[in-house]
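In what follows, a structure is listed as structure tokens, so that the remarks can point back to it.
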Amino acid sequence: MATANCSNTLSSTFYLTGIPGYEEFHHWISIPFCLLCLVGIMGNCTILLIVRTDPRLHEPMYHFLAMLSLADMGMSLPTMISLFRVLWSISREIQFHTCVVQMFFIHTFSFTESSVLLAMALDRYVAICHPLRYATVLTPTLITKIGIAALLRSAFPVIPLLARLAFFPFCHSHILSHSYCLHQDMIRLACTDTKFNVIYGLVMITLLWGMDSLGIFVSYVFILHSVLRISSKAGRFKALNTCASHICAVLILYVPMIGLSLVHRFAKHSSPLIRIFMAHIYLLVPPVLNPIIYSVKTKQIRQGVLRLLLPEKSVLL
């Protein structure tokens, strides 16, 4: 299984590792992963259902929150089948075309989530710095265009990167170091010059995540400038409190994402367990924590959850 002759890349079979050294515990390890997956699916579906059915949540902030939930599920769900196939010892094999599709969803929706977080920062900027213009600036048409633009902006740059993989010979090891497919992991196995993919991937990450993070940072500079001009302490706290959930969501996405990219590119001799641990955090933690954070920190979402669970009662918080 460790080696293979050069063959048609499109028909190649790769082998997923799981968690090396802990194969006998894979069934037990799958339990917390399964719970995290279920919590993430239930939490994001609940957010989508509440935003869809409650007319009081048909506002820009909650539409962006729904986009964030869709991006979370789009990034994590395509990996779940291969993850549990490995952990439940069903099969470690994955075909090249399946791997490419999986990578497309992972990388596209991780970039989409970053774009949505930028849109949410701009939403907070308009709400705090220009509250009287909020409804006229963030119209439903503009929100729809932002959502479509975020998806297209994330998908198209990924295509050339993955298309080149079809021309790479994989003459030696076909063993991937994770329970799912990542571009950084696959090009490590290619026995050809991968400089284009390495440089293009680094430039793409720098431009997309860099532009998004810079936009978020600039938005908060203006937000803080406006908040500090509010005379009352209670008013300043209330304004900043509306941003707390978004700031947590930004950190939850960017810290594991940047950490995983740095480890794959600049710490190739680090322990495989570190890469595997960070890869699973990158995919499983944001879909789980984002709905929880917004449910705890956002009164309207909290009330929507309680109305969904207790439809016969009027709940006052």
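Does at least one position in the stretch 222-237 carry a residue that is of a type in the set (A, V, I, L, M) and in contact with a strand residue (DSSP E or B) (Cβ under 6 Å, 6 or more places away or on another chain)? So far as the stretch 222-237 goes, no, none of its residues is of a type in the set (A, V, I, L, M) and in contact with a strand residue (DSSP E or B) (Cβ under 6 Å, 6 or more places away or on another chain). When the criteria are applied in full, G235 fails the requirement of being more than 17 Å from the chain's Cα centre (by Cα) and in contact (Cβ under 8 Å) with a residue 60 or more places away in the chain.
Are any residues in the stretch 11-32 under 25 Å from H97 (Cβ atoms) and surrounded by 14 or more Cβ atoms within 10 Å (Cβ to Cβ), and if so, which ones? Listed by number, the residues that qualify are S12, T13, F14, Y15, L16, T17, G18.
If you take the residues in the stretch 128-158 that are surrounded by 11 or more Cβ atoms within 10 Å (Cβ to Cβ) and either under 17 Å from N197 (Cβ atoms) or charged (D, E, K, R) (or both), which one is modelled with the lowest pLDDT? So, considering only residues that are surrounded by 11 or more Cβ atoms within 10 Å (Cβ to Cβ) and either under 17 Å from N197 (Cβ atoms) or charged (D, E, K, R) (or both), the one modelled with the lowest pLDDT is R133. In the stretch 99-122, of all residues being among the hydroxyl-bearing types (S, T, Y) and out of contact with any Phe, Trp or Tyr (no Cβ under 6 Å at 6 or more places or on another chain), the one that is farthest from H183 (Cα to Cα) corresponds to S115.
In the stretch 53-78, of all residues being of a type in the set (S, T, Y) and more than 16 Å from F111 (Cα to Cα), the one that is nearest to the chain's Cα centre (by Cα) corresponds to Y62. Counted as qualifying within the stretch 123-186 are the helices (runs of 4 or more DSSP H) with 2 or more residues that are within 26 Å of L224 (Cβ to Cβ) and either touching a residue at least 24 places away in the same chain (Cβ under 8 Å) or not small (G, A, S) (or both), namely 134-137, 140-155. Being touching a Lys or Arg at 6+ places or on another chain (Cβ under 8 Å), under 30 Å from F167 (Cβ atoms), modelled with pLDDT of 90 or more and not aliphatic (A, V, I, L, M) holds for only one residue in S115, S91, and it is S115.
The values are calculated or read from the model by the stated rules, or taken from the named source; none is laboratory data. If you're wondering where the values come from, they're calculated on a predicted model, not measured in any experiment. Because the Cβ atoms are built from the backbone with ideal geometry, glycine has one as well, and the counts that use them run over all protein chains shown.
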